[in-house]
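Trainee: Input: one structure, supplied below.
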């Protein structure tokens, strides 16, 4: 009996050791599933990597496996490339080796991280993911520049837009830089885990700046910032002259997303970012961006070359602020636009060029952000910035949605008075950059407003269990410091939520669902603490992995905690809610399509 007891003890010990040593990729995925269908999470995942380029690549793909799961990724086995595709990959690699050599080691680390997680991956296949668009097709000369529209019955429509702004100096309450950006599209789990999954990436390299940015926004990933106080808050509509012409010449170069990462990593100022971006060859000419830094330098690169056009604050009536959506402002680029039937191409002051495609929904967004920053000059702080993406427009002036959609092209969207906040917001990033380790990055997964409208017909987007909240990420010096800061903010989010929730009783209809939601937040809090403790006993890549899991849990605790709190204490969704004068009141100067007006009774 004694021998059997010893044997059982040994077996149990071995089993416990095996469970503890099991690869993290074998754990359940962090995203939700419905039967065999993976669903988009209601809190945006954050991948956190640090160390050498190889280690960062390794950690990156390991965390993709942790978040999305092997079941989702196992079918993505490397495919065979045609001779033309192989030549294309060689051409891209030549540019990468010459201009961004750190990316080669990053990709090699990705291959190792994927293989160790149980995902079959080759160097060529991961390189192809960076050199592809919406599908598997590698971009190369002679191939269409853009994939077909997601709206099959709307050949003039495309499936994504973006908005962004930056303000500083007298435009903000404390004089510090505040910026924000959103990608506007359906939140999706795409077929390319590098460029078409929805997450944020934090990189803390041994060499270069720490930075954070979001994938799947625009051509080039934004909103992003680094620890030198530099932000790329929007893609800038760079290269939009000819964007919708499938005949536009495509060249090889450094993939745009790599240019973004390289610029944030090595630029110590907005001017350095400009120099880096414009010195690196881009295949489609779409990488330029809207940049700002804590010194007050800001600009929007509208065209890289022939001619090079850079828009600056003051060019369109701005004072210590600048903004961008999906059209161009430079006078030299008016000829890039086609007219809608029966309507001319025109320049709208403070809103840019109006023609077809994305310019139609850009005009009201540009007018909205100009009016907010111009008329509430000096009032901007983080709460005001969040309010911008909670501030809904009035619905389109039609009896039915079908009527509104049918009239959009005919009127160039004149009756769609959209704001930056709209149902199609996929990722909203609010930033307060810092030349140091205190930069703040606030993230909303999807639209932050409970009641809202799209800014064009095909952006009616619905999400699974939306929180309508922001979580806070502090771009600190190390993964551990970042996770600790996330824990602190989660603690406060839970405390504020608990204080409001316990004012209710079991007799209140809201108590039971909000208490269940609060318990979900606490579960994430405890998971964050668990992984934080595991990280303290680990080293190297494993420690970073645990810290990233810990931080993601604390971010989810924040978002769910604020959801409980804001369900009981609604956040500001208009200037009036912040104690400011009424929107479009007679006191202001309000830019409209028809010129500057002193008063308009419409909200």
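The values are calculated or read from the model by the stated rules, or taken from the named source; none is laboratory data. Because the structure is predicted, anything quoted here is derived from the model rather than measured. Every residue, glycine as well, gets a Cβ built from its backbone with ideal geometry; the counts of neighbours run over all protein chains shown.
Trainee: Could you tell me which residue of the stretch 121-136 is surrounded by the fewest Cβ atoms within 10 Å (Cβ to Cβ), considering only residues that are part of a loop (DSSP other than H, G, I, E, B) and at pLDDT 90 or above? Talk me through it step by step, then tell me what you get.
Mentor: So the first thing to find is which residues in the stretch 121-136 are part of a loop (DSSP other than H, G, I, E, B), and the list is 121-122, 131, 133-136.
Remaining after also requiring at pLDDT 90 or above: 121-122, 131.
Working: 121: 22, 122: 15, 131: 28.
If we take residues in the stretch 121-136 being part of a loop (DSSP other than H, G, I, E, B) and at pLDDT 90 or above, then 122 is surrounded by the fewest Cβ atoms within 10 Å (Cβ to Cβ).
Trainee: Taking the stretch 266-275 only, how many residues are buried (at least 18 other Cβ atoms within 10 Å of the Cβ) and touching a helix residue (DSSP H, G or I) at 6+ places or on another chain (Cβ under 8 Å)? Walk me through it before giving the result.
Mentor: In the first step, residues of the stretch 266-275 are kept if they are buried (at least 18 other Cβ atoms within 10 Å of the Cβ); the result is 266-267, 270, 273-274.
Add one more test, that the residue is touching a helix residue (DSSP H, G or I) at 6+ places or on another chain (Cβ under 8 Å), and what stays is 266-267, 273.
So the answer is 3.
Trainee: I've got another one for you. Collect the residues in the stretch 377-399 that are surrounded by 19 or more Cβ atoms within 10 Å (Cβ to Cβ) and more than 26 Å from the chain's Cα centre (by Cα), keeping them in residue-number order.
Mentor: Residue satisfying the conditions is 396 alone.
Trainee: Can you confirm whether the stretch 455-476 contains a residue that is assigned to a helix (DSSP H, G or I) and without any contact (Cβ under 8 Å) to a residue 60 or more places away in the chain?
Mentor: First, the residues of the stretch 455-476 that are assigned to a helix (DSSP H, G or I): none.
Within the stretch 455-476 (the criterion being assigned to a helix (DSSP H, G or I) and without any contact (Cβ under 8 Å) to a residue 60 or more places away in the chain), the answer is no, since none of the residues qualifies.
Trainee: Exactly one of these conditions fails for residue 248: (1) buried (at least 24 other Cβ atoms within 10 Å of the Cβ); (2) modelled with pLDDT under 95. Give me its number.
Mentor: That leaves (1) as the condition not met.
Trainee: Only one of (1) surrounded by fewer than 24 Cβ atoms within 10 Å (Cβ to Cβ); (2) closer than 24 Å to residue 564 by Cβ; (3) at pLDDT 95 or above is not met by residue 478, so which one is it?
Mentor: Result: residue 478 fails condition (2) only.
Trainee: From the list 15, 73, pick out the single residue that is surrounded by 12 or more Cβ atoms within 10 Å (Cβ to Cβ) and modelled with pLDDT under 85. Outline the logic, then answer.
Mentor: Numbers: 15 fails: surrounded by 12 or more Cβ atoms within 10 Å (Cβ to Cβ).
One residue alone meets the criteria, 73.
Trainee: Out of (1) out of contact with any helix residue (DSSP H, G or I) (no Cβ under 8 Å at 6 or more places or on another chain); (2) over 14 Å from residue 440 (Cα atoms); (3) assigned to a loop (DSSP other than H, G, I, E, B), the odd one out for residue 182 is which?
Mentor: (3)
Trainee: So in the stretch 172-186, with the set limited to residues that are surrounded by fewer than 24 Cβ atoms within 10 Å (Cβ to Cβ) and at pLDDT below 95, which one is farthest from residue 373 (Cα to Cα)?
Mentor: Taking the candidates together, the pick is 186.
To keep it simple, each residue is scored yes or no on (1) more than 17 Å from residue 471 (Cα to Cα); (2) part of a loop (DSSP other than H, G, I, E, B); (3) outside the structural domain of residue 351 (by TED's automatic domain parsing).
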{"residue": "507", "(1), (2), (3)": "yes, yes, yes"}
{"residue": "524", "(1), (2), (3)": "no, no, yes"}
{"residue": "529", "(1), (2), (3)": "yes, no, yes"}
{"residue": "535", "(1), (2), (3)": "yes, no, yes"}
{"residue": "548", "(1), (2), (3)": "no, no, yes"}
{"residue": "591", "(1), (2), (3)": "yes, no, yes"}
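Trainee: Which of the residues that make up the stretch 567-580 are closer than 22 Å to residue 376 by Cβ and part of a helix (DSSP H, G or I)? Give the steps one after another, and end with the answer.
Mentor: Start the filter on the stretch 567-580 by keeping residues that are closer than 22 Å to residue 376 by Cβ, which leaves 570-580.
Passing the criteria: 575, 576, 577, 578.
Trainee: Another question, if that's okay. When residues of the stretch 346-368 are filtered for being closer than 17 Å to residue 424 by Cα and in contact with a strand residue (DSSP E or B) (Cβ under 8 Å, 6 or more places away or on another chain), how many remain?
Mentor: Restricting attention to the stretch 346-368, the residues satisfying the condition of being closer than 17 Å to residue 424 by Cα are 357-366, 368.
If we keep only those that are in contact with a strand residue (DSSP E or B) (Cβ under 8 Å, 6 or more places away or on another chain) too, we end up with 358-363, 365-366.
Final tally of qualifying residues: 8.
Matching residues to (1) crowded, with 22+ Cβ neighbours inside 10 Å; (2) closer than 27 Å to residue 223 by Cβ:
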position	(1), (2)
401	no, no
411	no, no
418	yes, yes
425	yes, yes
428	yes, yes
438	no, yes
441	yes, yes
445	yes, yes
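Trainee: Which residue, of 169, 224, is surrounded by fewer than 24 Cβ atoms within 10 Å (Cβ to Cβ) and either in contact (Cβ under 8 Å) with a residue 40 or more places away in the chain or not assigned by TED's automatic domain parsing to the domain that holds residue 548 (or both)?
Mentor: Working: 224 fails: surrounded by fewer than 24 Cβ atoms within 10 Å (Cβ to Cβ).
Exactly one residue qualifies, and that residue is 169.
Trainee: Taking the conditions exactly as written (outside the structural domain of residue 406 (by TED's automatic domain parsing) and either within 21 Å of the chain's Cα centre (by Cα) or without any contact (Cβ under 8 Å) to a residue 12 or more places away in the chain (or both)), does residue 513 satisfy them or not?
Mentor: Values: outside the structural domain of residue 406 (by TED's automatic domain parsing): yes; either within 21 Å of the chain's Cα centre (by Cα) or without any contact (Cβ under 8 Å) to a residue 12 or more places away in the chain (or both): yes.
In short, yes.
Trainee: Could you check residue 317 against (1) in contact with a strand residue (DSSP E or B) (Cβ under 9 Å, 6 or more places away or on another chain); (2) modelled with pLDDT under 95; (3) surrounded by fewer than 18 Cβ atoms within 10 Å (Cβ to Cβ) and say which number it fails?
Mentor: Failed condition: (2).
Trainee: Regarding the stretch 327-339, can at least one residue be identified that is more than 29 Å from residue 281 (Cα to Cα) and either touching a residue at least 12 places away in the same chain (Cβ under 8 Å) or assigned to a loop (DSSP other than H, G, I, E, B) (or both)? Step through it out loud before you land on a result.
Mentor: To start, the set of residues in the stretch 327-339 that are more than 29 Å from residue 281 (Cα to Cα) comprises 339.
Applying the additional criterion that residues be either touching a residue at least 12 places away in the same chain (Cβ under 8 Å) or assigned to a loop (DSSP other than H, G, I, E, B) (or both) yields 339.
Checked against the condition, which is being more than 29 Å from residue 281 (Cα to Cα) and either touching a residue at least 12 places away in the same chain (Cβ under 8 Å) or assigned to a loop (DSSP other than H, G, I, E, B) (or both), the stretch 327-339 yields at least one hit.
Residue by residue, here is whether (1) surrounded by fewer than 16 Cβ atoms within 10 Å (Cβ to Cβ); (2) touching a residue at least 60 places away in the same chain (Cβ under 8 Å); (3) at positive phi; (4) within 27 Å of the chain's Cα centre (by Cα) holds:
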| site | (1), (2), (3), (4) |
| --- | --- |
| 505 | yes, no, no, no |
| 518 | no, no, no, yes |
| 523 | yes, no, no, yes |
| 536 | yes, no, no, no |
| 540 | yes, yes, yes, no |
| 544 | no, yes, no, yes |
| 549 | no, yes, no, yes |
| 553 | no, no, no, yes |
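Trainee: Right, next: In the stretch 458-486, what residues are in contact with a helix residue (DSSP H, G or I) (Cβ under 7 Å, 6 or more places away or on another chain) and more than 29 Å from residue 572 (Cβ to Cβ)?
Mentor: Once the filter is applied, which keeps residues that are in contact with a helix residue (DSSP H, G or I) (Cβ under 7 Å, 6 or more places away or on another chain) and more than 29 Å from residue 572 (Cβ to Cβ), the stretch 458-486 yields 479, 480, 483.
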